[in-house]
Amino acid sequence: MRNSKLEHLQPYPFERLRELHKHCEHRGSLDHIPLSLGEPKHPPPSFVVEALADAQALTTQLGIYPATKGTDELRLAISDWLQGRFGISADPATHILPVYGTREALFSVAQALLSGCAGSLVGMPNPFYQIYEGAALLAGARPLYIPNLAENDYRADFTGVTPAQWRATEMVYICSPGNPTGQLMSLDEMLALIDLAHQYDFVIISDECYSELYYKDELVPCSLLEAAAQYRGGSAQRPFERCLSFHSLSKRSNLPGLRSGFVAGDATLIQQYLSYRTYHGCAMSAHHQYASALAWGDEAHVLENRALYRDKFAAVTKILAPHYDLRQPEGGFYHWLRTPIDDLSFSQRLLEQQHITVMPGTFLGRHLDEDANSGNPGQGHVRVAWVAGMEDCVTAAQRLAEFARSL
């Protein structure tokens, strides 16, 4: 016996990348520069490292079973951050739930909230973070792929969703800034989606883990909860109704190994999700909660981190712009780069010639319908993650430019 739903899962992009590169080898002397994985490499905040290394505090914290709901101090720190960053008034007791990193939370929220009824749909951007798809499939739903096409400036096109599809939809994932596109959803776009959620009775799951990485101070990412707080539709009964926002310290604070994030929003959904998590057994450890509260309470390191990315994007853009059809992201740390040849061949040849690994867009998207010839919005692109230090990024950009000249 086995869970038959597992058979519907597609290989993860990095598995497909390893298979694609199985017979590719760089035969020169260039050092390898990996740009395929969005794993931040900037230094973490020193005060967080010091807190985690405090032997006396750690001795006490390791002797505590952590509360699934999180400590009062952590939830208050998150509430204060939401107020300061987005102007959101979130009750620490009812609107906020710390989670063990947003990856597991974005997956498990579907297991907790979806009905499992046959024919139910879960909307998601296309291309996308594959956790959304796996979450839907393992909860017994079918993915509804919302194309984010170049001709629409990579914005989600909800106009193609039929009323029948909306009626079958139980949940919609959005991601702003987008992974991999770097595109932002505007407040008006979020308000329009909230209106649809009330009309058709579905939940919106907003992945906002890149929200603190942006490149223009006049174009700052907003939160779904900002839109929910402003929504004036007639069917809204409670604050943030049908809306959940997910945030992480991985990108904001360069702490991917801490596995620390939170979900905030609709108090009824938070309570349902807390009930699930109590049995799921994934509470963040006490010392991680303590360190997380410190991180959410400090903005100086976030400003420094954002400046590092801005400097890197300015440097690599200057090098790449003469050689590629380059579109600057509005947020995040990826270039969603159009390729002059097909993206799979581009990735293989780039590894062989320049010893650089990037993620083919084909692996991040799905065909627009069940016809395998219908087109994949990820095709003809690669995702380039500028997460390494400045020197490695500049070197990689120079190699990418040289590679373009060789094509």
Q) Considering the stretch 237-266 alone, what residues qualify as being closer than 22 Å to Pro66 by Cβ and either of a type in the set (Asp, Glu) or touching an Asp or Glu at 6+ places or on another chain (Cβ under 7 Å) (or both)? A) Leu244, Phe246, His247, Arg252, Pro256
Q. When you look at Leu320, is it modelled with pLDDT of 95 or more and within 23 Å of Ser89 (Cα to Cα), yes or no?
A. no
**Q.** The lone exception for Glu241 - which of (1) in a loop (DSSP other than H, G, I, E, B); (2) more than 23 Å from Glu170 (Cβ to Cβ); (3) not aliphatic (A, V, I, L, M) it fails
**A.** (2)
Q: Go through the stretch 317-369 and give me each residue that's without any contact (Cβ under 8 Å) to a residue 40 or more places away in the chain, part of a helix (DSSP H, G or I) and within 22 Å of Met390 (Cβ to Cβ).
A: Thr317, Lys318
Q | Flag for Arg338 being touching a Gly at 6+ places or on another chain (Cβ under 9 Å) and not aromatic (Phe, Trp, Tyr) | A | yes
Q. What do you reckon, is Tyr276 among the aromatic types (Phe, Trp, Tyr) and farther than 29 Å from Thr169 by Cα?
A. no
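The values are calculated or read from the model by the stated rules, or taken from the named source; none is laboratory data. The shown structure was predicted, so the numbers you read here are calculated from the model rather than taken from an experiment. Heads up, the Cβs are rebuilt from the backbone with ideal geometry, glycines too, and the neighbour counts pull from every protein chain shown.
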